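The values are calculated or read from the model by the stated rules, or taken from the named source; none is laboratory data. Bear in mind that the values here come from a model prediction, so they are computed numbers and not experimental data. Here Cβ is always computed from backbone atoms with ideal geometry, including for glycine, and neighbour counts include all displayed protein chains. Keep in mind that these areas ignore ligands, DNA and RNA; they rest on the heavy atoms of the full protein, side chains included. Shrake-Rupley method; radii C 1.70, N 1.55, O 1.52, S 1.80 Å.
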Amino acid sequence: MRTTLKIVLPLIVSVAAVSLLFAAYQVRTEKRNLRNELSRRAEIQGESLQESVEPLLERGPEKNLQRLVERFGQREHLKGAAVYDASGTTLAITTGLPGVFRSRPTAATRAAQADAGVGEFLSGDQVVTGNEIERVPIHIYALPLHRDGSVVGTVALLHDTSYIDEQVSRTLRDSLVNALVQTLLITGLALILVRWTFTGPLTRTAKWLRTLRTGQANAPAAISNREILDEINHEVTHLARDLNTARAIAEEEARLRDSNASLWTAERLRVSLRNKLQDKPLFVVSNREPYMHVFNEKDQSINVIIPASGVVTALEPVLLACNGTWVANGSGNADREVVDANDRLRVPPDHPSYTLRRVWLSDEEDKGYYEGFSNEGLWPLCHIAHTRPIFRPEDWLQYQKINRRFANAVLQEMEGTESPILLAQDYHFALLPRMVKEARPDARVAIFWHIPWPNAEVFGICPWQRELVDGLLGADLIGFHIQTHCNNFLETVDRALEAITEWDRFAVSRQGHITRVRPYPISVAFPENSHAINETRNSGEERAALCAELGVEASLFGVGVDRVDYTKGILERFRAIERFLELNPVYQQRFTFVQIGAPSRTDIERYRIFLEEVSAEVVRINARFQTARWKPIVFLKKHHSHEEISRYYRAASFCMVTSLHDGMNLVAKEFVASRGDERGALILSTFAGAAHELTDALLVNPYDVSQMAERIHQALEMPEGEQEVRMERMRRNVREHNVYRWAAHLLSDLTEIRIETPERVEVP
Ligand code: F6P
């Protein structure tokens, strides 16, 4: 109430003041106009009296003069008239005029002296004399009388001006009433507006905050969008979310302490890294950036996209947990629009927590380094998927050049940080660890290889295997997903160059520098309250909603989520679905498989052809079985957000991950993490790293179509009890081996490495 008064009171005072000023102005104007009008009338009447009196003065008798003044006295508002001779003696005067006019009034004297008309307003008090009690305000207008060109007297016209005062009082009263009504109206309106736009929403927001504070995390926002307090609403929503997250973290921490469990959480990682890094920032370098800015084709506004990438899925929670700098390729077409002069910006856009430093590549560089050497060379080399690697010398040149550019960007970011910690990512940067280490021997450098490392014979295909292995050995620590990849790497080192491989402690010693090689199975951030998050619908309801959106009638769903990549076994998966429907016709028109496929690396011919092959295979299989309202496969050929994908995860009876070869595969873990209902089955390729941990999945050989068809049948027929047991065990595994644990182990091993030569070398 006090706030409302504070806003409204000045308004009332100002409106009242303005209205009163306006009333005063109106009254003054009215009075002036009435007086002017009277003066004009008096002049006309005076001249007419002058014209009538002058002849009578010559001819007489005085009786006629008296009659004339009596007649003038009968006109409207005219109190009367008087005629005076040159000496001021009254010659004639209207009967009933106040006695004061029997002697010549001042105005008449001045008119005689000036030989011109003189008007004057007299108040009631000025008119009263002696024992007379009439107090009539008078206007007097006097004119000189002439004979033979000389002034021989004066006439005076006397108007009663009390009607002017009455009229002015009426106007004053009306104006005051008007002012009052206006003030009341405006005040009322202001009160309503203030309540509606400010105090109402503020009170509701306060109530909402109170609800959130008392632990009702999902209480709906208090004020709708588009209201004047939108931005506050937006910020408060974030604040409330943060508050709830912080509370959830604190509760989880307390629960863990209580249960003596050793789960890794974002908070625990943050605290642990803060101690380990001693408040130094963490540096990360990857090709793929966590946020891409792209122009909206329709209105050229800028949208933010989170790319479909395992690296991003894994590293974002780590960067969120500890402030740092992520150096990555600025690949969005609007990326340059949002960076500062040093090509940096703070992300995530909604909740800036760390720095993203963008590095720019020309189309030619991207073609050689990314498409060519990384994805037509190293990718098929490391994945046993029977696509022949292509190694072009010009691509190799670009790969070296871009590794150098990223290394320089990293070194620039590290300036001013003593003994910095760098976590490099993936096969795009095999040369970078040595480049960084040579310039900053005091840095601790780790590289995590997100894809498989093939056996030494296969890796030997690469004409530049020596340079690649040597570049990697610049790192203090090399991480792979599984032990087999570590073994393959050590064998490759043995074959490729001069170095001492220490199999007993999994390390390589080359030119006095030691590189440790360890498995760190990557994972996802397991949502602790996944029972509650976004689960407004149960699995069946979600499936029904998705069926309606997709326009298919099915009571059972299977789901696959992949980048459309030839290593993912998508064609084999579809053939297994075809086989399953052939063998189990009872599932026709009941079961639909939804394949979410984000087109990937489409500038590379092999990927373009593969995308066409996948689309054609969907058409072929659907044509065999589909009806008007049902089809066996729905292929959603576009990038989907995490939220969109998680709806499919929750609706599905099973998720199918059938990679021909895969470093880890986080889809398998994401599916498990999203099944808070402990239902659904996972069909998982034995050639994916995830199969080493998720042993309760239905494991398959993706080259064996019949086996996969059987597993689909098994997944759909699996009793709820068995689903629950398997899912519960897989969830426990993913929960305990989450991405925070991955980062904690990797970074903890890295920070514990002793650096022997802290000499700094100048950045080239
Ligand atoms: O598996 C390697 C990897 O870098 C993943 O982390 C990621 O899912 C995928 O490749 C992304 O590929 P790109 O960045 O080329 O789209």
Residues of the stretch 283-312 being in contact with a helix residue (DSSP H, G or I) (Cβ under 7 Å, 6 or more places away or on another chain) and open to solvent by less than 30 Å² (accessible area, probe 1.4 Å), in sequence order, are Phe283, Val284, Val285, Ser286, Asn287, Pro290, His293
Suppose we filter the stretch 425-442 for residues that are more than 13 Å from the ligand (Cβ to nearest atom), more than 12 Å from Leu468 (Cα to Cα) and under 37 Å from the mean Cα position of the chain (by Cα); how many remain? 1
Restricting to strands (runs of 3 or more DSSP E) lying wholly in the stretch 298-400: which have 3 or more residues that are basic (Lys, Arg) and more than 15 Å from the ligand (Cβ to nearest atom)? none
Given (1) within 16 Å of the ligand (Cβ to nearest atom); (2) part of a helix (DSSP H, G or I), identify the lone condition not met by Leu411. (1)
Which helices (runs of 4 or more DSSP H) sit wholly inside the stretch 469-585 and have at least 2 residues that are modelled with pLDDT of 95 or more, open to solvent by less than 40 Å² (accessible area, probe 1.4 Å) and aromatic (Phe, Trp, Tyr)? 570-583
Return the residues of the stretch 287-297 that are more than 8 Å from the ligand (Cβ to nearest atom) and over 14 Å from Asn333 (Cα atoms); say none if nothing qualifies. Pro290
For the stretch 38-58, indicate whether the set of residues that are surrounded by 12 or more Cβ atoms within 10 Å (Cβ to Cβ) and within 60 Å of the chain's Cα centre (by Cα) is non-empty. no
Report, ordered by the first and then the second residue, all pairs with beta carbons closer than 7 Å, sequence separation of six or more or different chains, a first member in the stretch 433-461 that is assigned to a strand (DSSP E or B), and a second member that is open to solvent by 10 Å² or more (accessible area, probe 1.4 Å) and small (Gly, Ala, Ser). Arg444/Ser419
Wholly within the stretch 605-708, helices (runs of 4 or more DSSP H) carrying at least 2 residues that are within 16 Å of the ligand (Cβ to nearest atom) and buried (at least 23 other Cβ atoms within 10 Å of the Cβ): 666-674
Of everything in the stretch 152-173, what is part of a helix (DSSP H, G or I) and surrounded by 14 or more Cβ atoms within 10 Å (Cβ to Cβ)? Give them in sequence order. Ser162, Tyr163, Ile164, Asp165, Gln167, Val168, Thr171, Leu172
Name the residues in the stretch 416-464 that are of a type in the set (Ser, Thr, Tyr) and modelled with pLDDT under 95, would you? Thr417, Ser419
Starting from residues that are without any contact (Cβ under 8 Å) to a residue 60 or more places away in the chain and open to solvent by less than 20 Å² (accessible area, probe 1.4 Å), keep the ones in the stretch 313-323 and report whichever is farthest from Asp366 (Cα to Cα). Cys322
Scan the stretch 90-120 residue by residue and report those that are touching a helix residue (DSSP H, G or I) at 6+ places or on another chain (Cβ under 7 Å) and among the hydrophobic types (A, V, I, L, M, F, W, C). Leu91, Ala92, Ile93, Val100, Val118
Subset of the stretch 324-346 (residues that are open to solvent by 20 Å² or more (accessible area, probe 1.4 Å), in contact (Cβ under 8 Å) with a residue 24 or more places away in the chain and under 21 Å from the mean Cα position of the chain (by Cα)): Asn333, Arg336, Glu337, Val338
